[in-house]
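S.K.: Structure provided below as structure tokens; questions to follow.
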Amino acid sequence: MTELVLRNRQRTHFVNSPLLRRMTRVLLSDLLSLERYQLAIHLVAAPEMARVNHRFLEHAGSTDVITFDYGGDLDSMGDGGGSTHLPEQLHGEIFICIDDAVKQARQFRTTWQSELVRYLIHGVLHAVGYDDLTPANRCVMKREENRLLRMLSRRFSFRHLANARPSPARKS
């Protein structure tokens, strides 16, 4: 079963949801070879992310991405052994904060659209078992995140994630 739900629950920046959905499907099916997935992605603003962060992780303030993995006993990538075996399925939710993407894009001198795709990849990697709790695992995860980001950037123009809403047709 493949199911992808994308909910844009923020209004600070326009996001081209159909394009982000296509990118996500390529990431899951083509790049990670996942045959079965149930994934919900929620694009939220900082106040909602802060509530999620506090309620579920007991952390104060907003954060860039939070992943909830509902897969249970899927093979873990976080063993530090450099394993490259991915689970056959993914089941989870990813919350991505657009406000944090904008803030961090300024800090890292990139675009918020690129940060958004990075957060998507980061969240998916967590959902398939990667962790970044130790320096060694963080290095492995960051390397895979960068590899996948490069591969997606070859297929898609991230700047189109911010395309303006189509203007109404003008009469001549």
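Values quoted throughout were computed directly from the atomic coordinates according to the rules given, and no laboratory measurement underlies them. Computed from a prediction, not measured in an experiment: that's the story for all the values here. As a convention, Cβ positions derive from the backbone with ideal geometry for all residues, glycine included, and neighbour counts pool all protein chains shown.
S.K.: For the Cα atoms of the chain, what angle does the longest principal axis make with the long axis of helix 135-155, in degrees from 0 to 90, nearest 10?
M.R.: Compared with the principal axis, the helix lies near 40 degrees.
S.K.: With +1 on each Lys and Arg Cβ and -1 on each Asp and Glu Cβ, how big is the dipole of the chain about its Cα centre, in debye rounded to the nearest 20?
M.R.: 1380
S.K.: What stretch of the chain, leaving out the sites themselves, is the longest with no trypsin sites (Lys or Arg not before Pro) in a DSSP loop having at most 16 other Cβ atoms within 10 Å?
M.R.: 12-108
S.K.: Calculate, for Thr2 and Arg155, the FRET efficiency according to 1/(1 + (r/R0)^6) with r their C-beta to C-beta distance and R0 22 Å; round to the nearest 0.05.
M.R.: After rounding to 0.05, the efficiency reads 0.70.
S.K.: Hey, what number do you get for the chain at 222 nm if only DSSP H runs of n ≥ 4 count, each worth -39500 (n - 2.57), divided across all residues, to the nearest 500?
M.R.: Counting only the DSSP helices, I get -13000 deg cm²/dmol.
S.K.: Now for a separate question. How large is the Kirkwood hydrodynamic radius of the chain, in angstrom, based on all distinct alpha carbon pairs?
M.R.: Result for the chain stands at 16.7 Å.
S.K.: Between the stretch 103-161 and the stretch 7-57, how far is it from one alpha carbon centroid to the other, in angstrom?
M.R.: Result: 13 Å between the Cα centres.
S.K.: I'd like to know which of Tyr70, Ala101, Val140 lies farthest towards the positive end of the charge dipole of the chain, counting +1 on Cβ of Lys and Arg and -1 on Cβ of Asp and Glu.
M.R.: Of the listed residues, the answer is Ala101.
S.K.: Relative to the longest principal Cα axis of the chain, at what angle does helix 46-57 sit, 0 to 90 degrees, rounded to 10?
M.R.: 20
S.K.: Does anyone have the angle between helix 98-108 and the longest principal axis of the chain? Alpha-carbon axes, 0 to 90°, nearest 10?
M.R.: 80
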